[in-house]
Each structure stands twice: as C-alpha cells, then as structure tokens.
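Peer 1: A single structure is presented below for examination.
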C-alpha cells in the first residue's frame, strides 16, 4: 500500500524535473520575425567562396589512405587434434 504514494511522488518529481529542464533550454522567438537582414541582427557575412581555395579539382592531387593491417588471431585452431590424440593414446 505504501509503494503507490511513493511511486506517484517519484513520477511527479521526474516530470517536474523534465519540465524545468526543458524550460531552461527553450529559447524565445525573435521579435523581428526572424529575418536575417538588418534590424540589429548579429551575424557574419563572408565575402569569399570557400570552394575557390583550390585542391578540389579533378586534376589535383588525391590523398590515398593505405588499407588497414591484416590481423591474424593469436589463437590458432588445431586442425589435427583428433589424429594427435589418437597417437598419444596408442602406446597405453
């Protein structure tokens, strides 16, 4: 009987914490309608084209990555285990 009120309190605390954390991270919408030009908006405007830097053409050098090493297992299965076992018990 006492578990039901405790679980309800626990669920209430969790819901309150989630609502409070979502309210903290929520951002208000801009009053100017969200336009990106003028009106005191803060931002950067870049005049150059980042793709005109070169090195992206078909005649430019290509970086090639070597394939990874071939790893072999340290534990190798014994394929002739039955034959070795029979040889070891022949002299008994």
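Since every read-out is calculated from the coordinates, none of them should be taken as a lab result. These figures come from a predicted structure and were not determined experimentally. With ideal geometry, Cβ positions are generated from the backbone for all residues, glycine too; neighbour counts draw on all protein chains shown.
Peer 1: State, to one decimal in nm, how far the label point of residue 10 lies from the label point of residue 82, with both points 7 Å from Cα in the Cβ direction.
Peer 2: 5.6 nm
Peer 1: Label-point separation (nm) for residue 45 and residue 22, each offset 7 Å from Cα along Cα-to-Cβ?
Peer 2: Output for this residue pair reads 3.9 nm.
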